[in-house]
Amino acid sequence: MEVKLWNDKREREMYENFAELFAIIKATEKLEKAYVRDIISPTEYETECQKLIAHFKTLSSTLKDIVPSIERFHETYKMDCPAALNRLVTSGVPATVEHRAAAAMSATTSAAIVAECVQNFITAMDSLKLNMVAVDQVHPLLSDLSASLNKLSILPPDFEGKTKMREWIARLSKMGAADELTEQQARQLHFDLESSYNSFMAALPTAGT
């Protein structure tokens, strides 16, 4: 005796859509695992993943009244596809696109910090040229410079600019706010700033690397 899963055309379409949704989730899980294990190339992965995500979005939109929660659907049919859920529901883009976005964001952030460091170097050197040598004028400038240098991950902990700024900040901290640097101290600080600035520029990666 043949058992029908549906009573009418509408029910049949619903079950066919369920089967398609199930297949998309399973296929995405396999694709994610293949990519992680380097079984397929990033280009192949991205092309296939974008297709699955597009199909998933279309189908889940069609089924939104019957399947309001994909997570519930996943749980009901005991699918065990966490990677697929993350890709289809949480992320919505291929892993390769996520990685490119993260790299671009990192590069943008680094560029902003480099610009901040350059600005702080120039401000500190210009201030000394303008004879702004009181401790309460110099200390904040060196603190800002030191903080911006510490934010840049490409610089090693023992980078010349970092160590020299720490030494100068420690020296200034022992002086009173109204105290002023002597002409010799100001000259030495300017020399250290200029030397550190040149080392900083030399430490930056060139456009080709």
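For the range 124-138, filtering for residues that are open to solvent by 50 Å² or more (accessible area, probe 1.4 Å) and assigned to a helix (DSSP H, G or I) leaves 4.
From the list 61, 110, the one residue that fits, being assigned to a helix (DSSP H, G or I), of a type in the set (Ser, Thr, Tyr), open to solvent by less than 90 Å² (accessible area, probe 1.4 Å) and within 30 Å of residue 145 (Cα to Cα), is 110.
Sub-6 Å Cβ pairs linking a first residue in the range 111-127 that is touching a residue at least 60 places away in the same chain (Cβ under 8 Å) to a second residue that is assigned to a helix (DSSP H, G or I) and of a type in the set (A, V, I, L, M), at least 6 apart or interchain, are 117/149; 124/141; 124/145; 124/193; 125/193, ordered by first then second residue. Scanning the range 172-192 for residues that are in a helix (DSSP H, G or I) and surrounded by fewer than 15 Cβ atoms within 10 Å (Cβ to Cβ) yields 173, 183, 184, 187, 188, 191. Only residues that are open to solvent by 70 Å² or more (accessible area, probe 1.4 Å) and in a helix (DSSP H, G or I) were counted in the range 151-171, giving 4.
Being hydrophobic (A, V, I, L, M, F, W, C), part of a loop (DSSP other than H, G, I, E, B) and touching a helix residue (DSSP H, G or I) at 6+ places or on another chain (Cβ under 9 Å): is that true of residue 53 here? Criteria not met by residue 53. Evaluation of residue 15 against the conditions (1) among the aromatic types (Phe, Trp, Tyr); (2) in contact (Cβ under 8 Å) with a residue 24 or more places away in the chain; (3) open to solvent by 50 Å² or more (accessible area, probe 1.4 Å) shows that the sole unmet condition is (2). Within the range 64-107, being among the polar types (S, T, N, Q), more than 16 Å from the chain's Cα centre (by Cα) and outside any loop (DSSP other than H, G, I, E, B) holds for 76, 86, 90.
The values are calculated or read from the model by the stated rules, or taken from the named source; none is laboratory data. No experiment lies behind these values; they were computed from the predicted model shown. Glycine gets a Cβ as well: all are built from the backbone with ideal geometry, and neighbour counts include every protein chain shown. For the accessible areas, the whole protein counts, side chains as well, though only heavy atoms, and no ligand, DNA or RNA atoms are used. Shrake-Rupley method; radii C 1.70, N 1.55, O 1.52, S 1.80 Å.
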